[in-house]
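Enquirer: Dumping the structure here so I can ask a few things about it.
The values are calculated or read from the model by the stated rules, or taken from the named source; none is laboratory data. This one's a predicted model, so the numbers in the text were calculated from it and none came from an experiment. A quick note on method: Cβ atoms are made from the backbone with ideal geometry, for glycine too, and the neighbour counts reach across all protein chains shown. All accessible areas refer to the heavy atoms of the entire protein, side chains included, with ligands and DNA or RNA removed. Shrake-Rupley method; radii C 1.70, N 1.55, O 1.52, S 1.80 Å.
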Amino acid sequence: MAEITAVLHGIDGKTLNIDKPLKMELASDMDAACDGLRLYFLQNGITPETDRVTVFIDKNKVFDGVCDRQEYQRTNDGVLTFIYARSGAAVLVDNEANPATYIKPSTQVLFHEEAKKYSFKNMLPDLASAHEYSVEKGTSCYGAINQFVKTSTGLPVRVTCNGELRIPAAGEIINLESETIISEKHCINRSAPITQIDYKISNDSPYIRHFKSRTLEKNGISRARKINIASLPEWQREYTLYDRLKKAAGEYYSAEFVIDGAHSFELYSKLVCKPSGITDCDGYRLWRSVISHGESGDITRLTFLKETDLKEVNYVAE
């Protein structure tokens, strides 16, 4: 069993070490800005109000974030305390960005405007555009940066436990051959993908433009959606269509492994393992990770999604 330590940072400036939590669950997801931590532990008394939580697994920091909720329950064994916390990205999610139109947007400019004041570190690629980029009223600081980065790279912004803004590294790998696999499950979900998007670029025009996946059409999936992208800048339109198809197709092929122990892996890492009797692992990337610690031991649940070549085509037809 891994050595797990949680450090609670109180609003009074003091810290409290929880060396033997009863239960811990740390969840990460490529589609979520923040990682989520659930922590249960016993104390003799009430734990002071907590501002931040840091978690170490075998002395390696895997989480640093803000405490959202504390609950207490008196039991025969002491005070059972529950804490829910979100990773550092919560600061950017919870604060609203300045509404603005950037004439020459870049990651450097957006980071300086929306994240630097919260003491984050910029490890994003140096991206720039010659097109205008608008941040609407009500957009979060995270959303302002993430939308620009995702439109340019296709990948979301991740905030590490060291306060660094990055995009996931495409070159990282996970080799499960050396791990003890408790269970393995593969799924083909044909109800998830969208084959075609019918869209219009003017509020007064009909839906005569189409963005279609030839791969999904060839596989016999027929599912269409209609959207109006008239309000989007021209340079963001095709990405919006592609992202909608790609996100829906993400759950088409998935693989879930439960492995023994508490392991922290980088999201978007490529799966490397021996082919099983069900399917091979080509093209699968880590999308979700849940580390669970409890009295019965530690397990890590890994969900991989397969990247599908959509072979998209954009055309106009009545």
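Enquirer: Output the residues belonging to region 29-75 that are outside any strand (DSSP E or B), open to solvent by 20 Å² or more (accessible area, probe 1.4 Å) and either without any contact (Cβ under 8 Å) to a residue 12 or more places away in the chain or more than 19 Å from Arg158 (Cβ to Cβ) (or both).
Expert: Result: Ala32, Asn44, Gly45, Ile46, Pro48, Glu49, Asp58, Lys59.
Enquirer: Looking at (1) out of contact with any Ser or Thr (no Cβ under 9 Å at 6 or more places or on another chain); (2) open to solvent by 40 Å² or more (accessible area, probe 1.4 Å); (3) in a strand (DSSP E or B); (4) of a type outside the set (Phe, Trp, Tyr), can you tell me which one His210 breaks?
Expert: Failing condition for His210: (2).
Enquirer: For region 171-200, how many residues meet the condition of being in contact with a strand residue (DSSP E or B) (Cβ under 8 Å, 6 or more places away or on another chain), surrounded by 14 or more Cβ atoms within 10 Å (Cβ to Cβ) and assigned to a loop (DSSP other than H, G, I, E, B)?
Expert: Total meeting the criteria: 5.
Enquirer: Here is a further query. Check off (1) of a type outside the set (S, T, N, Q); (2) in contact with a helix residue (DSSP H, G or I) (Cβ under 7 Å, 6 or more places away or on another chain); (3) not in a strand (DSSP E or B) for Pro168 and give me the number that stays unchecked.
Expert: So the condition that Pro168 fails would be (2).
Enquirer: Something else about it: Tell me, which residue of region 103-123 that is modelled with pLDDT of 95 or more, open to solvent by 20 Å² or more (accessible area, probe 1.4 Å) and of a type outside the set (D, E, K, R) is farthest from Asn162 (Cα to Cα)?
Expert: By that ranking, first place goes to Val109.
Enquirer: Can you pull out the residues in region 126-146 that are closer than 12 Å to Ile167 by Cα and open to solvent by 40 Å² or more (accessible area, probe 1.4 Å)?
Expert: Selection gives Asp126 alone.
Enquirer: Residues that are surrounded by 17 or more Cβ atoms within 10 Å (Cβ to Cβ) and in contact with a helix residue (DSSP H, G or I) (Cβ under 8 Å, 6 or more places away or on another chain): find the strands (runs of 3 or more DSSP E) completely inside region 230-318 holding 2 or more of those.
Expert: Those strands (runs of 3 or more DSSP E) span 253-260.
Enquirer: Another question about this same structure. Looking only at residues that are charged (D, E, K, R) and farther than 23 Å from Gly78 by Cα in region 13-40, which one is farthest from the chain's Cα centre (by Cα)?
Expert: Per the criteria, the residue is Asp35.
Enquirer: Name the residues in region 76-102 that are more than 13 Å from Asp35 (Cβ to Cβ), open to solvent by less than 40 Å² (accessible area, probe 1.4 Å) and in a strand (DSSP E or B), would you?
Expert: Answer for region 76-102, where residues must be more than 13 Å from Asp35 (Cβ to Cβ), open to solvent by less than 40 Å² (accessible area, probe 1.4 Å) and in a strand (DSSP E or B): Gly78, Val79, Thr81, Phe82, Ile83, Ala100, Tyr102.
Enquirer: Evaluate the following for Glu217: is it acidic (Asp, Glu) and under 30 Å from Glu96 (Cβ atoms)?
Expert: no
Enquirer: Sort out which residues of region 3-27 are among the small types (Gly, Ala, Ser) and either in a strand (DSSP E or B) or surrounded by 18 or more Cβ atoms within 10 Å (Cβ to Cβ) (or both), and write them in order of number.
Expert: Ala6, Gly10, Ala27
Enquirer: Would you confirm, using the coordinates I've provided, whether Lys137 is within 22 Å of the chain's Cα centre (by Cα) and at pLDDT 95 or above?
Expert: no
Enquirer: Sticking with this structure for a sec: Out of the residues in region 1-44 that are among the basic types (Lys, Arg) and in contact with a strand residue (DSSP E or B) (Cβ under 7 Å, 6 or more places away or on another chain), which is farthest from Lys246 (Cα to Cα)?
Expert: Looking at residues that are among the basic types (Lys, Arg) and in contact with a strand residue (DSSP E or B) (Cβ under 7 Å, 6 or more places away or on another chain), I get Lys23.
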